[in-house]
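First the structure, in the form of structure tokens, and then the observations on it.
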Amino acid sequence: MTPPGADRSTDSYLPGHGNGGYRVLHYDLELDYRVVSNRLAGKATITAQAVQSLSRFSLDLGVFRVQDVRVDGHRTPFTHRAGKLRVKPDKSLGYGAVFKIEVRYSGSPVPISGRWGDIGWDELTDGALVASQPNGAPSWFPCNDRLEKATFLVTLTAPTPYTVVATGDLVSRRRGAGNTTWVYERTEPTVPYLMSVQVGRYELLELAAGDVVQRAAIPPRLRNVFRHDFGRHGEIMNVLTDMFGPYPFREYVVVVADDELDDPIEAQGMAVFGRNHVDGWRTYERLVAHELAHQWFGNSLTVADWRHIWLNEGFATYAEWLWSDVSGGPSVEALAAQWHTTLATRPFDVVVSDPGVSRMFDPIVYKRGALTLHALRARAGDAAFFALLRSWVAEHRHATVTTAQFRSHAQRFTTEPLGQLFTAWLDQRALPPLPTR
């Protein structure tokens, strides 16, 4: 039996991405990338478990030519169109069965086009980057593109002049005749959109010393200006660790692409900036703090549904304000007042707890989400506020979370009633008064 909606997920905003009937436990990706021709050949071995009896199932995959699909070693009929790879194994898979899917594919990877522009694998002037939030993972590997976590092993071969940086811990690097094979392992549970690959003529260097390994991959000519602009990264890491709890991964990597990017991009254990974000004046240091904060809020704790995105962006925006406060910039109170004034001039047309798919990346979600946290801090007091943040992170480490869970969690740390506060800031359109501490 195939479950209803096998080609759809339960996500309220992106039901067409993701598939029902099974969950993925592990992805093993063997990739070969030719930079000049933008040609990617891959073999994906996916370990999955049926959560219902399955006579067929589907995967998300972009515009590649699929050569072969096997289930538990047996060649299997398939169809591939409109971003869905539909597979019919030779015998049904029983509830709870663990099975392996092997997909061989090749082609020129292109981003997934949609309402947010081009998302996923993207060619650079000389290399490639992957920025998959929220639905770009199928642009480079077959996956169940939903907000469920799995482990990953990524092996990527590229021409030797290029450095390959992938989300995960570097397991090995083997140099061959003109090519180098890089192997990265991601043992922490990770959703597909947070997996990333960066290919470029990068220099690898230490970003900062400290308890957390912090590395960078940058164009060599930007070395000096990068060291200035990211010179306080170790301090930012220490400040956020003190406020949010231990850094959730074994290392953090900053990549500076040798192209201009509209915005930095976070991935699991990684952030990617454009060369335009490195100017010698620390102009974008707030974004450095923002992307690092996503390692706690968004990556270790990942939203269970995209309507909860304020749990990612509101928290990362508030981290910008916290860093500004302790580093000699404008205070949290000044930034809260500034953005409250700005929001008061705009239409009250977004519900932060459920902004809708077309508004999920609206600045109102980011700034009003941060103001929600500021209001919570004012109500609960500093000690309780930072205790509840550290506990929130610790209790939901590498899991998925919802707004309802956060509301219940916060209430445990104060006798002050929080229901009306959350309702006013998250569920209603009208802007509440500026919170004061």
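The values are calculated or read from the model by the stated rules, or taken from the named source; none is laboratory data. In this text, all values refer to a predicted model and were calculated from it rather than measured experimentally. All Cβ positions, even for glycine, are placed from backbone atoms using ideal geometry, and neighbour counts span all protein chains on display.
Here are a few things to note about the model shown:
- Looking at THR47, THR79, just one residue is of a type in the set (Val, Ile, Thr) and closer than 19 Å to ALA150 by Cβ, and that residue is THR47.
- Of residues in the range 119-128 being under 19 Å from TYR193 (Cα atoms) and in contact (Cβ under 8 Å) with a residue 12 or more places away in the chain, the one surrounded by the most Cβ atoms within 10 Å (Cβ to Cβ): TRP121
- Whenever a residue of the range 417-437 is in a loop (DSSP other than H, G, I, E, B), its partners that are among the basic types (Lys, Arg), lying with C-beta atoms within less than 8 angstrom and at least six residues away or across chains, give the pairs LEU418/ARG379; LEU418/ARG407; LEU431/ARG368; PRO435/ARG377; PRO435/ARG379; ARG437/ARG377.
- On the stretch given as the range 208-257, residues that are surrounded by 21 or more Cβ atoms within 10 Å (Cβ to Cβ) and of a type in the set (D, E, K, R) total 1.
- Strands (runs of 3 or more DSSP E) (entirely within the range 9-76) containing at least 3 residues that are surrounded by fewer than 17 Cβ atoms within 10 Å (Cβ to Cβ): 22-34, 39-50, 65-71
- Only one of the numbered conditions (1) in a strand (DSSP E or B); (2) farther than 30 Å from GLY356 by Cα; (3) without any contact (Cβ under 8 Å) to a residue 60 or more places away in the chain; (4) not charged (D, E, K, R) is violated by TYR95, and that is (1).
- Every residue from the range 163-199 that is at positive phi and surrounded by 23 or more Cβ atoms within 10 Å (Cβ to Cβ): GLY168
- Residues in the range 384-415 that are assigned to a loop (DSSP other than H, G, I, E, B) and surrounded by 13 or more Cβ atoms within 10 Å (Cβ to Cβ): HIS396, ARG397, HIS398, THR402, PHE413, THR414.
- Selected residue [in contact (Cβ under 8 Å) with a residue 24 or more places away in the chain and farther than 18 Å from PRO248 by Cβ] from LEU170, LEU204: LEU204
- The single condition among (1) part of a strand (DSSP E or B); (2) more than 23 Å from GLY16 (Cα to Cα) that GLU102 does not satisfy is (2).
- The single residue among GLN405, GLN338 that is closer than 26 Å to TYR247 by Cβ and without any contact (Cβ under 8 Å) to a residue 24 or more places away in the chain turns out to be GLN405.
- Test result for SER358, under 25 Å from GLN268 (Cα atoms) and not basic (Lys, Arg): yes
- Residue satisfying condition, being in contact with a helix residue (DSSP H, G or I) (Cβ under 9 Å, 6 or more places away or on another chain), part of a helix (DSSP H, G or I) and at negative phi, within set ASP211, ASP242: ASP242
- Within the option set LEU371, LEU335, LEU287, being buried (at least 17 other Cβ atoms within 10 Å of the Cβ) and farther than 19 Å from THR402 by Cα holds for one residue only, LEU335.
- Test: ALA41 is assigned by TED's automatic domain parsing to the domain that holds LYS149, within 19 Å of PRO192 (Cα to Cα), in contact (Cβ under 8 Å) with a residue 40 or more places away in the chain and more than 25 Å from the chain's Cα centre (by Cα): no
- Just one of the listed residues (ARG412, ARG390) is in contact (Cβ under 8 Å) with a residue 40 or more places away in the chain, under 28 Å from PRO189 (Cα atoms) and either assigned by TED's automatic domain parsing to the domain that holds VAL351 or among the aliphatic types (A, V, I, L, M) (or both), namely ARG390.
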